[in-house]
Amino acid sequence: MPSLSKDVKAQVEATRLPPILSLIEQSQLIKQGAEAKVYKSTLFPSPLCTPSSSSSPPPPALPVLLKHRFPKTYRHSTLDALLTRQRVTGESRALVRCLKAGVKVPGLRCVDVKQGVLGMEWIEGWSVREVLGGGQEGDELPDEDGEEEEEEPDDVQEMLKGLGVDHDSLLQAVGAEIAKMHLAEVIHGDLTTSNMMVRLLPTRASPNDPLFEVVLIDFGLSSVSFLPEDRAVDLYVLERAFASTHPVSLLPSGEEGVPHFEQVLLGYKRAVEEKGKKGECSRIEKRLEEVRMRGRKRSMVG
Amino acid sequence: MESFALPHHGVTVHLGLFSPISNASALRTRLVAASTLPADDEGEAERAKLDFAFVDAAMLTSRLHLLTAVQQALLAQADDALKTKTVHSEVLFQLEPGTNITESLKHFGLGPTTKSLALVHIAPLTSVDDSSSAEAILSRMKDLVQLEPSSLDLLGQLPDGGTNEKSLRKYYKLNTDIVLTSQPAGSPQARQALDQLCIGAVALKVAA
Ligand SMILES: Nc1ncnc2c1ncn2[C@@H]1O[C@H](COP(=O)(O)OP(=O)(O)O)[C@@H](O)[C@H]1O
Ligand SMILES: [Mg+2]
């Protein structure tokens, strides 16, 4: 006969949350989406050092982003578990595929397929959407603790401008990073200005070193393909996103400048010409034109 | 030695780096012998002394590389999905990209010629700042190697080319990765890229 204390212990064990969910309970929710909840957290605290006299200070705790694809009650549970598993593995694999190819994406930190949680490097920066001043998407949550922490879009723009980061070079860098991703045969599947971030680089060794980098995020809908058609659709999705939120930059005179997406495309083409195969760029451009035509026809038919 | 309190796992993880060790071969012999000792007091006492993960530190790129393997081992344990006998051997298994347990020991475990040794001890969490049990664990580590601990900052850049980048690239299949081939060999950028790829490979193992 099992002892009472063992029974109690078993019960406690059974009701204990899986570790990753218990960590999430302690984490700061930053976005509640339809598919996933996104948290800022830390996987490992700053350690206790023994002997404490050791010369180097303990390493700081590193922030991570946890993305929890929570169970959906409107789906059959078996199907839901399968879909969650696929999305989590798909997103993790895409991140690693990009890392290998030198595409700037957050490093992978933790995968729990069963609980549907993915942990990645925290990118300290702003979404391109914020930088361009397109306003909030609406579902980000205000910072819990900081009144001053959440900078106003205007402040971010002013600060970056002060540092010498202008919109055109930012947009071209966006295009170049997408090109690198496509050349790694990754299709993003959800290119919007919220799914790319700008991060300032640490102090430069030479004045020619870049000031910032663009980091692509949110690979939940990504796939692997090298087909010009898939690449063109990826670009077209972003073109539509620009058309609806931040189409053109304004010149100091108040006149309209070059459309934003044109700048993205410029950076994209330059990178594909440089690193891709011969003729690859013109094949994608041709496709993009066809995809645009289909898009227009569709919207005319209504 | 560094001790990481992980309340969500209910454990504290103690990491110690010892370099250069001079008794790798003898330690290994002890490890092998301990596994066949009878379950009497003496046998259990010897096994308790050796209750660590013995990792060849030449095969680690950073503390985060090792911690990621520890974390994935703990997640597997919580899921009742350990592929090996103990959470300590599971750490070695999580470092290995393949599914072969023997290979994981061969590639990442203490070998007869190991020069730098990382010891991992996972203990139930007592309190977040338990320096007395940390002292006790450090002295158990020191008993094994007869050495003072080194800073874990050395991982990935062990002195005298002590980090085995060649084997890391081979086992994690990184040799054709553009992010590595496009960086000058030995540069800080190349080291950082290698670290990111190794961490990513460990985290991805469950999803690979
Ligand atoms: N690695 C990261 N570092 C910092 N912030 C991030 C990171 N990943 C995502 N975010 C922030 O969280 C938001 C939601 O994440 P995302 O992966 O796009 O999830 P969703 O599928 O809900 O859009 C992003 O728009 C961005 O603001
Ligand atoms: Mg998103």
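Values quoted throughout were computed directly from the atomic coordinates according to the rules given, and no laboratory measurement underlies them. Remember, predicted model here, so these are calculated numbers, not experimental data. Cβ sites come from the backbone with ideal geometry, for glycine too, and all protein chains shown count toward neighbours.
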Handout entry: Diffusion coefficient, µm² s⁻¹, Stokes-Einstein with Kirkwood Rh over alpha-carbon pairs of the stretch A:263-302 at 4 °C and 1.567 mPa s
Key = 115
Practice task
For the stretch B:48-65 and the stretch A:263-302, write down the distance between their C-alpha centroids in whole Å.
Solution key: 50
Problem - Which of B:D153, A:D234, B:D130 has the fewest Cβ neighbours within 10 Å, and the rest in rising order - result: B:D153, B:D130, A:D234
Exercise for the section: For every helix of n ≥ 4 consecutive DSSP H residues, a contribution of -39,500 (n - 2.57) applies; sum these over chain B, divide by its total residues, and give [θ] at 222 nm rounded to the nearest 500 deg cm²/dmol. Expected result: -14000 deg cm²/dmol
Fill in the blank from the handout: Residues A:C49, B:C198 in order from fewest to most other beta-carbon atoms within 10 Å are A:C49, B:C198
Practice task
Kindly provide the helix-only [θ] at 222 nm of chain A, computed as the sum of -39,500 (n - 2.57) over DSSP H runs of four or more divided by all residues, to the nearest 500 deg cm²/dmol?
Solution key: -14500 deg cm²/dmol
Exercise for the section: Please give the average number of partner chain Cβ atoms lying within 10 Å of the Cβ of each residue in A:203-216, rounded to a whole number. Expected result: 0
Problem - Cα-based Kirkwood hydrodynamic radius, chain A, one decimal, Å - result: 21.8
Fill in the blank from the handout: Least to most buried among A:K275, A:K31, by other C-beta atoms within 10 Å and fewest first, runs A:K275, A:K31
Fill in the blank from the handout: A student asked for the Cα radius of gyration and Dmax of the stretch B:50-208 in angstrom ought to give 15.9, 47
Exercise for the section: Express the C-alpha Rg of the protein assembly as shown as a ratio against the empirical globular expectation 2.2 N^0.38 Å, rounded to two decimals. Expected result: 1.08
Practice task
Return the FRET efficiency for the residue pair A:D155, A:A243: r is the Cβ-Cβ distance, R0 is 22 Å, and the value is rounded to the nearest 0.05.
Solution key: 0.25
Completion exercise
Output ordering of B:172-182, A:68-78 (per-residue mean of other Cβ within 10 Å, highest first) is B:172-182, A:68-78
Exercise for the section: Specify, per residue and in Å³, the volume enclosed by the convex hull of the alpha carbon atoms belonging to the stretch A:199-302. Expected result: 175
Fill in the blank from the handout: Sorting B:A190, B:T61, B:T84 by the position of each Cα along the dipole of the stretch B:2-205 (Lys, Arg +1; Asp, Glu -1; all at Cβ), the one nearest the positive end of that ordering is B:A190
Exercise for the section: Can you grab the distance from the C-alpha centre of the stretch A:163-233 to the C-alpha centre of the stretch A:38-84, Å, no decimals? Expected result: 25
Practice task
Mind telling me which of B:D143, B:D80, B:D195 comes out most flexible in a GNM of chain B, alpha-carbon contacts under 10 Å?
Solution key: B:D80
Problem - Other protein chain Cβ atoms within 10 Å, averaged over every residue that makes up A:19-26 - result: 4
Practice task
Report the residue, chosen from B:Q94, B:Q157, B:Q189, that carries the largest GNM mean-square fluctuation when chain B is represented by alpha-carbon nodes joined by springs under 10 Å.
Solution key: B:Q189
Problem - Ellipsoid semi-axes in whole angstrom, largest first, where each is sqrt(5λ) of the Cα gyration tensor of the stretch B:99-176 - result: 28, 16, 13
Problem - Alpha carbon convex hull of the stretch A:68-137, volume per residue in cubic angstrom - result: 110
Exercise for the section: For every other residue with a beta carbon closer than 11 angstrom to the beta carbon of A:V248, add +1 if it is Lys or Arg and -1 if Asp or Glu, then tell me the sum. Expected result: -3
Handout entry: Charge dipole (debye, nearest 20) of chain A; +1 at Cβ of Lys and Arg, -1 at Cβ of Asp and Glu
Key = 1980
Handout entry: Descending semi-axes in whole angstrom, ellipsoid equivalent of the stretch B:141-201, from the Cα gyration tensor
Key = 27, 12, 10
Completion exercise
Residues meeting the amide H criterion for B:L60 (H placed from the backbone, H to H distance under 5 Å, 5 or more places apart or on another chain) are B:G156, B:N164
Exercise for the section: Select from A:A61, A:A81, A:A241 the residue whose mean-square fluctuation is largest in a Gaussian network model of chain A (Cα-Cα springs shorter than 10 Å). Expected result: A:A61
